[in-house]
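Accompanying notes for the structure given below.
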């Protein structure tokens, strides 16, 4: 959609400059900024490197720290997701980072699953895996980046919110229940829904 908008803007600008007979400036140089915007929009759409998402379950399972952290991004999973989304942490603001990651996540969410002996869902959502491990940073990032939280896994026929609710019932009266209630609130505020609400 952004590419179509950029091309439309480029064509409109071309028509405007061509229609202006009093314009003394060379039309090619006058169009350079518009062409640059169209090229950047096109590059942004093409930029995605799903291969960088390989091994994500392992990094989440180990809660592995990044040996070369970048600002607030201290975990290896963050680096992998940022690289997959072609995020430039020095140039992109938080809204742009979230937008890029949400797009790459949506494009690849069928592959963003985990099978692990620590996890009770076969090929379950990587977000559910993080919930089962009580990996706070990952849950907070997913909420902040506004990734799709409403995918229903085939194995358990649940969304992430359904899974958190199920775990809350299992952990009733235990210290984990408080953590899970917090996850429920964070995910709900970020747009997570129960399957029955979809």
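Would you work out if region 50-197 is rounded, prolate or oblate? Take a ≥ b ≥ c from the square roots of the eigenvalues of the alpha-carbon gyration tensor; rounded if a/c is under 1.5, else prolate when a/b is larger than b/c, oblate otherwise.
prolate
Fewest Cβ neighbours within 10 Å first, please rank 66, 110 accordingly.
Fewest to most other Cβ atoms nearby, the residues stand as 110, 66.
Using Cβ contacts closer than 10 Å as the measure, can you line up 96, 159, 113 from fewest to most? List each step's numbers first, then the result.
Values: 96 14, 159 26, 113 22.
Ascending number of Cβ neighbours within 10 Å: 96, 113, 159.
Rounded to the nearest Å, what's the spacing between the alpha carbon centres of region 104-163 and region 166-198? Just the number, please.
Here the answer is 13 Å between Cα centres.
Using the number of other C-beta atoms within 10 angstrom as an exposure proxy, rank 135, 129, 155 with the fewest first. Write down the numbers at each step before the final one.
Working: 135 18, 129 25, 155 13.
Ascending number of Cβ neighbours within 10 Å: 155, 135, 129.
Each value in this text was obtained by applying a stated rule to the coordinates, not by laboratory testing. Just so it is clear, the model here is predicted, and its values are computed rather than measured. Heads up, the Cβs are rebuilt from the backbone with ideal geometry, glycines too, and the neighbour counts pull from every protein chain shown.
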